[in-house]
1. Taking Cα atoms, how many degrees apart are the long axis of helix 4-17 and the longest axis of the chain, rounded to 10 and kept between 0 and 90?
2. Taking the Cα atoms only, what angle lies between the long axis of helix 309-322 and the longest principal axis of the chain, rounded to 10 degrees?
3. Give me the one-decimal nm value for the distance between modelled label points at residue 134 and residue 180, 7 Å along each residue's Cα-to-Cβ direction.
4. Out of the DSSP beta bridges found with both residues in the chain, what percent are antiparallel (nearest 5)?
5. Starting from the Cα of residue 203, step 7 Å toward the Cβ, then list every residue of the stretch 116-156 with an amide N under 16 Å from that point.
6. Given a cut-off of under 8 Å on Cα pairs at least six residues apart, what relative contact order in percent is computed for the stretch 4-353?
7. Simple spin-label model, 7 Å along Cα-to-Cβ: residue 10 to residue 235 in nm?
8. Show me 226-232, 52-58 ranked by packing, highest mean number of other Cβ atoms within 10 Å first.
């Protein structure tokens, strides 16, 4: 019988060798049973901004939308501290006295706010995402996203939105207090350091808001530690970081994205092929996939265009399949969907791999 790590290594080798098929792979880490059992690294290409270089275990890489799941962790910690209420109207001052004041923090986490937001990474004539990150909204991303019109009743339609996450990041920053420094300290002391993510760093906009939609940096090993935190229901070494059950809250299936073929929960994705799984997705092939019934965390970081997503995801799935289930799937929590909601398509071409 071939050892599962040997099978996984074969697929990892194929990822790095077949760039034309999968896109560029920069880092690949597999943790099983809290230990790294496989890792591979590539090379950053040369660009107009300077030469590339070898990637290794100490290289920090950009999360893109995997940062959304870090934002989810921050919400959980703040909620456990009594700083925010998921079911209450979201505390956005500009929404008071308007129809938007009915939007709850829970609906924001589920991407069901009803706010207009076109998540497109190519056409800046229609994209709110590009305008927010690089255009007129860049100085205060949360304010820009919060100013967009309400086009659906809150809680009735799913629309993947980086703007939504930055609204949440502003809410948490305001609740924590202390501006940028306060939020940096909160994330460091309450999340990154206890989870062992010593390399993790985040970026802020000019208004002092954590760009929770897109900008977190860490080594591949530290992104794997983040996945392990959720696999272990928010605890590390017996020390609780996230509230009990917060992992299940993340992966409870709320809405289905037919474009990508994945379920969406609360700032985490779910891979239907692996019951009970949950995943972080980021633009151009960033993934953290957590599969509890295999005690598995798989991290891929790289630069893979949208047209390479299917073969890339297939290769990651093959790695997961190499490791058999370690406990009965009947014991898996968080595998049942809540009532699905209508999927609203704002015209985006690549929502499920967002910046």
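1. In the chain, helix 4-17 runs at an angle near 70 degrees to the longest axis.
2. 60
3. With each label point 7 Å from Cα toward Cβ, the separation is 2.2 nm.
4. 95
5. In the stretch 116-156, the label zone of residue 203 (backbone N under 16 Å from the point 7 Å along Cα→Cβ) covers 129-142.
6. After rounding, I find 23 percent.
7. Distance between the two pseudo-spin positions: 3.8 nm.
8. Order by mean packing, descending: 226-232, 52-58.
Each reported figure results from applying straightforward, stated rules to the coordinates on display, with no laboratory input. Since the model is a prediction, treat every value here as computed from it, not as a measurement. Heads up, the Cβs are rebuilt from the backbone with ideal geometry, glycines too, and the neighbour counts pull from every protein chain shown.
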